[in-house]
């Protein structure tokens, strides 16, 4: 493990945890003293919310019990499921509480909480709630109303133990409607804490300490810290990320210079997961236009400005001298790039809208190397087949023709309206690059996806020839310069991104083909309920019933992507992974062989 | 002997003696005068005759600095006598020069009569709580006699500590709860009186018998408090002391606590602190001063901005409370108002009064999480403890009818009913119809509490609520009450104000008497004073608070509260000094907002219910007078108008 940590939260005793002194002291005070308000820790993605909560839990005396509830585990859960999940988490965090609660509604949840806390050895229970964004709006609101009711009635003699319940909620933009507006249920009972960036001494100190540990002279390490601060202004993740880049450079045996920080920042701009997430969130929240006003920097700071407040919660905006500003230079650069790309896309959108208006399917060309990216191509093809507006074009359908493969491919590119380039670690024969260049020549909108470096790849799928490796690297650099490049971790991840990007490009929700198996949102939720119920039943009875869940999924006519989404819900059960393995490669349904593998896995 | 010579001799001898006597007398007088002059008259700048004859008016003659220098010793002498014996006479004040003893007693009485239980008699000063003091001293001596000679407390010492606890609890008006022993610690759970400080309603009172306290003593305290405490770690700690004092035990313990994480939790009371409390005319205030001397002001600051306020911070609303309490058994009410205006606080106050009155049985139900009739029945059962034969309107009616026949008139106080009413409306209001039927049959009367949803039902002729409960709109506080909300807690905290009149006027101008704003400002001002480590609030503190984005955002959000997009648009487009309907229509049109007359009428009605606008004849003006200025000076109003227009177009209400 390197000195700098930028994947996941920092452990509570990490020496890299910097700043947050005032926030931590306030939280500890709130958690130990009389409950005068619940706390909401606001922060964009990767601003250290979870690290702060972990540190808080570690900093509280043993008599104060903490219960961390991460709603990522129950995405899309209904209100009842949320209440049950919360009750179960509380029950698990209080070992003396043997009975597994049956919580159907708000009163029974409140009653359970009251009983759970009413133990002589529990002086305080602190609920640390995270990732409420994974829940549907209705479930979120119902949970918020329960918390508000608990808060309001904590001095009521009939539920006196509730005065010993403290709630700390951490999140970002998903909490806006829940807590930030005046009509939000939690608005009147929560103290808001906006996590600031690290101060300059904290950020520079963090980098200097880390690099000094890697035997770099302190003065030079500080200079590098200042260079990093110049770009990312104390953003916790980006600071660590750039520190990590310098660490990697040091490993090559050369001493990094401030210029290397500039290079590393440029590289971040061309393909960092956080930036990728931010761009996606901007589109989903419809805030790309608002970010233009943010870049202009002449709006007075007030959180009543909804768009700016949302941008702040996304982690893009902050206050500076009474005005809204972009949080740091790197993010400002990224925003400028995204806005420019959006203008290009708008133009593409106009062209494509004409195609759709003429009731013609939009022809999407999938370009990639063949050997190593077959599952990805299948997943994308599967997703495109379910979109009414699109037609898939790729080498799978070229058939036998007199022309050379290159000529056929390029001709297909010419016929296409959208180019999708999928790149991993092989350069291949060079046709893929040629296809890309033809798409550029023809001004065809390009959607570019790179396989995430963190994904393990079989050695056979990694190019070894130095010349081809160099060509691939050069091509990737070019892609990053000219496009907003997305990274993917799995075929389905890629397919989901492609569908979303096409939706944005085409300017409408993808229409599902009537002849294909389809599902409605309700059906989806119904399935999820059933699977969760089976899991809960299993927890009570101890009988493994995952296969039943898989069968239900199959009965509902779901394909790989949907099953995988469900599997994510189940991932906290160890056999979920077995089930994923059982689902086999990314075919349409669970195969008999897949089922057999699940059974074998469960038996073993 | 009879001879003239002899007589002459005798005479001469007598004459000589008399002379010597006169000389001696004169010398003695001179010495007394010189001594008086040197010791009393000269240092105090008094004429000699005044020292001897005019002691009653020492203040008028004495040199101020000399008197100031001497007074602490005299004061201490009087205090020592009072604390030791419960009274003091001039003869007891040996360390005070004779001519000034009566003065010392008189001055002490004058100074401390408002705060101590003193009774002045000619030539005597007496403490009315002398008996309490004597019991304390007796207990103190017994408890500390063998302190440090062995670990833990003997049964005799525990009994002595019980006496100490009983005396202290009696003085403070506390109630003693369960007791626990841990080595040399004896702890009691006590219930506290109503103080305008943010303290838990129950906390431990701990007596510690460690002659040399340190970190381990603090850990013992934590363990003891952990078992007894109800919520936080707050506790009063009294360290016992040995008869011969070799160490300031209380100071040592305080230092040990200061080094621990519980610096804001444990209040160490020395013997002197306790004695001060015991002789205080208002012992609870004495305790408050001890607490405030040791913890951060913000820790005990009672200003509340989240949720309902406790009884001690509830001011005003007497007319509303009286209306509810006196008529609850014969009429139904709907308390309507915007968020944070104090609806729940009012309801809780009314419930407490109804409970205390004993003439009706209040049933309070918080409907915050209730979304349908089934949820209402579950919540009703859970919060009132009343079993329903069936979870149906009929079941509710049957249960309430049975309960009514058994005893007192029933009053249901239903808080946060908006969401429930919205769901009810969609189903044809069967539950509301039951409530109305129960009220009309005299089985149970209702007090509903809510905001927009309730207000809309009251105004809807098709709703069961139309002409059912009597609306009781909740507005801002009167200026007098608003002042009390700020001043009284500050007085308890011992905080003074720079130019109190100006500061209070500015607070009133800023808040217009909105209770939550005053609480917000109170909290912020205490924080500002605390940052400066002072007990004084400056005009500059208020100015800084007023200009902060946190405050202005909070202010605007709170004023708008539940107001929908149309209502918000109205407040943003109208002239700040007042407007008529025609001007409003023109302003809306100028901003491209098209609304029907009916919608506009409803919007204006809601704005009046929210106490944002008031109407005089045909002119509307803002109730929160600072609103327009704060809005236009701190916000990009055009952007806000765009948001609300977007929301209005999207069907937002």
Using the Kirkwood radius over Cα pairs, work out the Stokes-Einstein diffusion coefficient for segment B:569-653 at 20 °C and 1.002 mPa s, in µm²/s as a whole number. 161 µm²/s
According to a simple spin-label model (label point 7 Å from Cα along Cα-to-Cβ), what is the distance in nm between residue B:322 and residue B:618? 3.7 nm
Taking r as the C-beta separation of residue B:227 and residue B:355 and R0 as 35 Å, the FRET efficiency to the nearest 0.05 is 0.70
Does segment A:288-330 classify as rounded, prolate or oblate by the C-alpha gyration tensor (a ≥ b ≥ c root eigenvalues; a/c under 1.5 gives rounded; else a/b over b/c gives prolate, otherwise oblate)? rounded
May I ask for the angle, rounded to the nearest 10°, between helix B:64-85 and the longest principal axis of chain B, with both axes built from Cα atoms and the value confined to 0 to 90°? 80 degrees
Kirkwood-Stokes translational diffusion coefficient of segment A:431-508, alpha-carbon pairs, 4 °C, 1.567 mPa s, µm²/s: 92 µm²/s
Along the Cα-to-Cβ line of residue B:154, 7 Å from the Cα, sits a label point; which residues in segment B:230-268 have backbone N less than 18 Å from it? B:240-244
When the Cα atoms of the protein assembly as shown are enclosed in a convex hull and the volume is divided per residue, what value in Å³ results? 271 Å³
FRET efficiency for residue A:194 and residue B:441, Cβ-Cβ distance as r, R0 = 45 Å, nearest 0.05? 0.25
Binned Cα-Cα distance frequencies in segment B:63-216 - 10 Å width, integer %: 10, 29, 26, 24, 11, 1
Please give the FRET efficiency for residue A:266 paired with residue A:503, using the beta carbon to beta carbon distance and R0 = 30 Å, rounded to the nearest 0.05. 0.50
Within 10 Å of each Cβ in peptide B:361-367, how many partner chain Cβ atoms are there on average? Round it to a whole number, please. 2
Against the longest alpha carbon principal axis of chain B, how many degrees, from 0 to 90 and to the nearest 10, is the axis of helix B:581-590 turned? 70 degrees
What would the Debye equation give as log₁₀ I(q)/I(0) for segment A:106-173 at q = 0.17 Å⁻¹, counting only Cα atoms as equal point scatterers? -0.63
Between residue A:370 and residue A:437, what length in nm is gained on full extension when 0.36 nm per residue of separation is reduced by their alpha carbon distance? 22.3 nm
Gyration tensor verdict on segment B:235-302 (Cα atoms; rounded if a/c is under 1.5, prolate if a/b is larger than b/c, oblate otherwise): oblate
Report the full-extension gain for the segment residue B:37 to residue B:533: residue separation times 0.36 nm, less the Cα-Cα distance, to one decimal in nm. 174.0 nm
How large is Rg over Rh for segment B:327-393, taking Rg from the Cα atoms and Rh as the Kirkwood inverse mean of 1/r across Cα pairs? 0.99
Can you give the helix-only mean residue ellipticity at 222 nm for chain B, where every DSSP H stretch with n ≥ 4 adds -39500 (n - 2.57) and the sum goes over all residues, rounded to the nearest 500 deg cm²/dmol? -17000 deg cm²/dmol
Within segment B:512-530, what residues put their amide N at less than 20 Å from the label point 7 Å along the Cα-to-Cβ vector of residue B:544? B:518-530
In nm, to one decimal, how far is the residue A:21 label point from the residue B:115 one, both placed 7 Å along Cα→Cβ? 3.6 nm
First check a/c for segment A:249-330, with a ≥ b ≥ c the square roots of the eigenvalues of its C-alpha gyration tensor; if it is under 1.5, answer rounded, and if not, answer prolate when a/b is larger than b/c or oblate otherwise. prolate
Radius of gyration, Dmax [chain B; alpha carbons; angstrom]: 35.3, 140
In whole µm²/s, the translational diffusion coefficient that Stokes-Einstein assigns to segment B:323-454, given a Kirkwood hydrodynamic radius over C-alpha pairs, 25 °C and 0.890 mPa s, equals 167 µm²/s
Residue separation times 0.36 nm, minus the C-alpha to C-alpha distance between residue B:75 and residue B:17: what's the value? 16.3 nm
Please give the helix B:215-228 orientation as an angle from the longest Cα principal axis of chain B, in degrees from 0 to 90, rounded to the nearest 10. 50 degrees
What value in Å³ per residue do you get for the convex hull of the alpha-carbon atoms in segment B:199-288? 90 Å³
Surface/4 of the Cα convex hull for segment B:480-546, nm²: 3.8 nm²
For segment A:176-295, the percent of all C-alpha pairs falling in each 10 Å bin, from 0 up to the bin holding the max distance, is 13, 32, 28, 17, 9, 1
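Bear in mind that the values in this text are calculations on the coordinates, not laboratory data. Every value quoted in this text rests on a predicted model; they were computed, and no experiment measured them. Every residue, glycine among them, receives a Cβ derived from its backbone with ideal geometry; neighbour counts consider all protein chains shown.
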